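First up is the structure itself, then whatever we jot down about it.
Laboratory data are not the source of any read-out in this text; all were calculated from the coordinates shown. Bear in mind the structure is a predicted one, so any value in this text is a computation, not a measurement. Virtual Cβ from ideal backbone geometry, glycine too; neighbours counted across all protein chains shown.
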Amino acid sequence: MQQDPNRHGAAVIRYQGKRGVVWRIKYRDATGQQVMETVGAERDGVTEKKAEAELRERLVRVERKGYRRPQRLTFAIYAETWLEEAGRRRGWKPGSVKTYSNVVGHLKDELGPMTLGSVRPRDVADYTRQALDRFAPKTVQLHLNVLFDIFKSAKAEELIESNPAEGAERPKVRRKRWRILQPAEVARVLKAFEDEQARTMFLLLMLTGIRRFELRVLRWRDVSLVENVLRVVESKSEEGERAIALSPILADALADRYRRTAYKGDGDLVFCHPERVGQGSARSGSPTSSGRR
């Protein structure tokens, strides 16, 4: 142990554990409370010089910034805070909130009890390996992106010194090769549909190029059969909000859909369960007609 008597007990401590040498630093914060921190193990490349540099940095922060020993902050606690603040700051839509909440839930299951500053790159690598046994590579990539963002925010707030997810290896995602239907094939598929709603949904996807999410949340107030225009107002980004001209065949199909459905209110979903309006509708569920479209 090397100690500087002019620093009120500040020291670099070499600890020999079962898994090898670990370097720690000891000092007093601005309140006089003694702090003991683990810098890292020699097996991870931490040396005595690195530990000394960390100690000098802490002492400078104590003297110039009034640094105080941080309260115990677990990954689970900070991740929940990040989820709430990021969602509010970025204006996430309900679908995005649900997606990120699920991801944070999985991250908390594995990393939750750990203190925020104790998570190391090897912990992220372990999580990646375990996640690949349960999820597709694309999903694991999303988990790592969220994890990186959480630690990026924590670093910006000076809660941690480095982002352990910064150098994480991303699993390779195979590129999907889509086969585009030929016009003759589209016609055959349309004839094969026996369900009117499914047929109209397929036609809408083919002729407008809207996303499945946008189709699921499409409401009658977004469809004008007078102007033959469909407006996408619920998208995952502002760039996704747009107006699309309806071709005659699609306008006829939507008009037929409007005549058939029992739910014609402006806030009702265009495509919903035949016996109920569906989750997210502005109406209570009783079939009514607005009398106009």
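If the cut-off is a Cα-Cα distance under 16 Å, which aspartates and glutamates reach residue 152, setting aside same-chain residues fewer than 8 apart in sequence?
Partners within reach: 80, 84, 85, 161, 166.
Give, rounded to the nearest 20 debye, the magnitude of the charge dipole that the chain has about its Cα centre when Lys and Arg contribute +1 at Cβ and Asp and Glu contribute -1 at Cβ.
320 debye
Would you mind finding the longest exposed-site-free stretch of the chain, with exposed GluC sites (Glu not before Pro) meaning DSSP loop and at most 16 other Cβ atoms within 10 Å?
Segment 1-156 is the longest.
List the lysines whose Cα lies under 18 Å from the Cα of residue 172, skipping any in the same chain that are fewer than 8 positions away.
The qualifying lysines are 138.
Could you tell me how far the Cα centroid of the range 147-179 sits from the Cα centroid of the range 184-212, in Å?
With the range 184-212 and the range 147-179 each reduced to a Cα centre, they are spaced 38 Å.
Taking other Cβ within 10 Å of each residue's Cβ, how do 180, 249 sort, fewest first?
Starting with the residue having the fewest Cβ neighbours, the order is 180, 249.
Once you put a point 7 Å from the Cα of residue 238 and another 7 Å from the Cα of residue 18, both along the Cβ direction, what distance in nm separates them?
It is 5.5 nm.
Report which label in (i) 70, 49, 41; (ii) 87, 38, 30; (iii) 79, 51, 33 holds the value of Cα extents along the principal axes in Å derived from the coordinates of this structure.
(ii)
Exposure proxy check: 252, 195 ranked by fewest other beta carbons within 10 Å?
Result, fewest neighbours first: 195, 252.
With a 10 Å Cβ neighbour count serving as the proxy for reagent exposure, in which order, fewest first, do 143, 273 appear?
Result, fewest neighbours first: 273, 143.
Karplus couplings for the range 218-229 from phi (6.51 cos²θ - 1.76 cosθ + 1.60, θ = phi - 60°), rounded to Hz, Gly and Pro as x?
So the J values, rounded to whole Hz, are 5, 10, 5, 5, 8, 10, 10, 8, 8, 8, 6, 9.
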